[in-house]
1. Any residue at all in the range A:398-410 that's out of contact with any helix residue (DSSP H, G or I) (no Cβ under 7 Å at 6 or more places or on another chain), away from chain B (no Cβ under 13 Å), without any contact (Cβ under 8 Å) to a residue 60 or more places away in the chain and part of a helix (DSSP H, G or I)?
2. Which residue, of B:188, B:149, is buried (at least 22 other Cβ atoms within 10 Å of the Cβ) and over 30 Å from residue A:239 (Cβ atoms)?
3. Before we move on, is residue A:209 not assigned by TED's automatic domain parsing to the domain that holds residue A:50 and not in a strand (DSSP E or B)?
4. Across the range A:251-262, what is the total count of residues that are touching a helix residue (DSSP H, G or I) at 6+ places or on another chain (Cβ under 7 Å) and within 13 Å of residue A:214 (Cβ to Cβ)?
5. Is there a residue being over 15 Å from residue B:191 (Cα atoms), at pLDDT below 95 and within 13 Å of chain A (Cβ to nearest Cβ) anywhere in the range B:7-14?
6. Quick check on this structure: which one of B:74, B:91, B:98 is under 17 Å from residue B:136 (Cα atoms) and more than 8 Å from chain A (Cβ to nearest Cβ)?
7. Quick check: anything in the range A:66-74 surrounded by fewer than 18 Cβ atoms within 10 Å (Cβ to Cβ), farther than 21 Å from residue A:122 by Cβ and under 32 Å from the mean Cα position of the chain (by Cα)?
């Protein structure tokens, strides 16, 4: 077929043709891991669609042949370059005819050119004529029965880099509920007790993808009636101290050599090493997304007005479900900001960065009520002392120990290797030590 | 047309507790006019002043009176369908504006998000250019709103002014100051929710 490829271990094409997501699915097939059956309409078909304003000739016939044997499917976008959340996804599509498939593929291809997607590409130097692939895959249902669910998993902890699986799981629900943050999730570890077979399969999958990519990996998975399915894989993507620890550990495990470990860390990863962090080992009651780095300790205020009033007597952490213009005075008065909703581009995150205040957003198990909040199952009243870490997204009660990453053992290890490479053991800034090693390694 | 008393009442409902400067910017009225409206509203028991901080807020009955009057305004102008349609347009634009503010504050370097230190004029010019493009599409939504309810016209003016100041070199007017494009946009968001009676 000219425009369509069946997803299988034998498929031998690049991410440029298949898109990154489908390319990852082929890797999962090759590793012998369970992937729902599917096919991909190539980026080339998308480029033809964008150029001519209609799907290319011959695709209709190919779709009619390809949909044989499929019943309910998802149709997802997937370009060669990741553009998270920018394009359409169609779930639970009943593939009754080639026309239904055609309409869905057109919808995904058209979403390449929404103004928001165009803006994203302008800002990230992604060519407008690249196009996206469309992946048509049998739906698996995390909401099928008591032994179904969905989740995301990292092969190592993305906050600290420790070599333990990390992630979130939702029992009895579909995948988009995890990604959208619309339902509170449980720690990945809960799978071990409730679905030991799924858990064992997931651990096996994480170790195989890590061995393949020779890097920490992220996967999205669903289990249906006790059977595990992998829906996406992505290597790397860790930042800061976690990236440093993973690179140093992989070198010590013999997976990569020390030079590669050094080259995997950008001096930009070290930019925040002097930013304070909550010390490891503190009792983390909840976790969200770090939106502005730094640690803030203060008494909880749940409205802008109380934040302003309480700030007269000392530091305040403004705790809100989400922020609105009503909160501007409270945000200005607060030392740190904690919200239940929102991502790194939410109103609260934008304002926190504008004001240079540590912020944690998108804490799924935070509920703010009148003059109190429930965090990670514990009720805390207004005035309670809390600490937030705007790098890791951690929330701790009271005032925990605070450290900087320069005291971090993996970083010191990595920088010793850097000095060995550059031959310069003088006292310098961390980023300079790494840059000197890079200069030698890239010579 | 909304009278100045309703404009001030509505501004307080949309921005929460606020001082004269903020209310003047939001309503487009002069500070003395805002203050005189506030005093009349306070006599009617609808607003109250916090003397410690010199700020005003709605009372319980002020909230109730506002809800009733703003709903009456929408119905008497038969503007609900048009405002609701424009709100749909707003919701399409909203994530893009937040992307743009984020891109102004942070940028990706070697796959790591770092603070934009504004030392790369070509990157900043690109973001500004996208803001200008965005503003043209935002202006179309604001124009729809203004033709349904004239008080919405104020947002188009304020957004254009913020962008103008940013383009003239006051960079904090995009995402960082209290008169920034982002803050005005967030106020418009709140206004639409309040006007249509949609809970957050």
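The values are calculated or read from the model by the stated rules, or taken from the named source; none is laboratory data. Model, not experiment: these values are computed from the prediction. Don't worry about glycine lacking a Cβ; one is built from the backbone with ideal geometry, like all the others, and counts go over all protein chains shown.
1. Yes; the residues of the range A:398-410 include at least one that is out of contact with any helix residue (DSSP H, G or I) (no Cβ under 7 Å at 6 or more places or on another chain), away from chain B (no Cβ under 13 Å), without any contact (Cβ under 8 Å) to a residue 60 or more places away in the chain and part of a helix (DSSP H, G or I).
2. Unique residue meeting the criteria: B:188.
3. Considered against the rule, which asks whether it is not assigned by TED's automatic domain parsing to the domain that holds residue A:50 and not in a strand (DSSP E or B), residue A:209 comes out as yes.
4. So the answer is 4.
5. At the first step, the residues of the range B:7-14 found to be over 15 Å from residue B:191 (Cα atoms) are none.
No, that holds for no residue.
6. B:91
7. Narrowing the range A:66-74 to residues surrounded by fewer than 18 Cβ atoms within 10 Å (Cβ to Cβ): A:68-69, A:71-72.
Narrowing the set further to residues that are farther than 21 Å from residue A:122 by Cβ leaves A:68-69, A:71-72.
Those still in the list that are under 32 Å from the mean Cα position of the chain (by Cα) too: A:71-72.
Scanning the range A:66-74 turns up at least one residue that is surrounded by fewer than 18 Cβ atoms within 10 Å (Cβ to Cβ), farther than 21 Å from residue A:122 by Cβ and under 32 Å from the mean Cα position of the chain (by Cα).
Here's the yes/no breakdown for (1) within 14 Å of chain B (Cβ to nearest Cβ); (2) out of contact with any helix residue (DSSP H, G or I) (no Cβ under 9 Å at 6 or more places or on another chain); (3) assigned to a loop (DSSP other than H, G, I, E, B); (4) touching a residue at least 40 places away in the same chain (Cβ under 8 Å):
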position: A:247; (1), (2), (3), (4): yes, no, no, yes
position: A:269; (1), (2), (3), (4): yes, no, no, no
position: A:277; (1), (2), (3), (4): no, no, no, yes
position: A:280; (1), (2), (3), (4): no, yes, yes, yes
position: A:286; (1), (2), (3), (4): no, yes, no, yes
position: A:290; (1), (2), (3), (4): yes, yes, no, yes
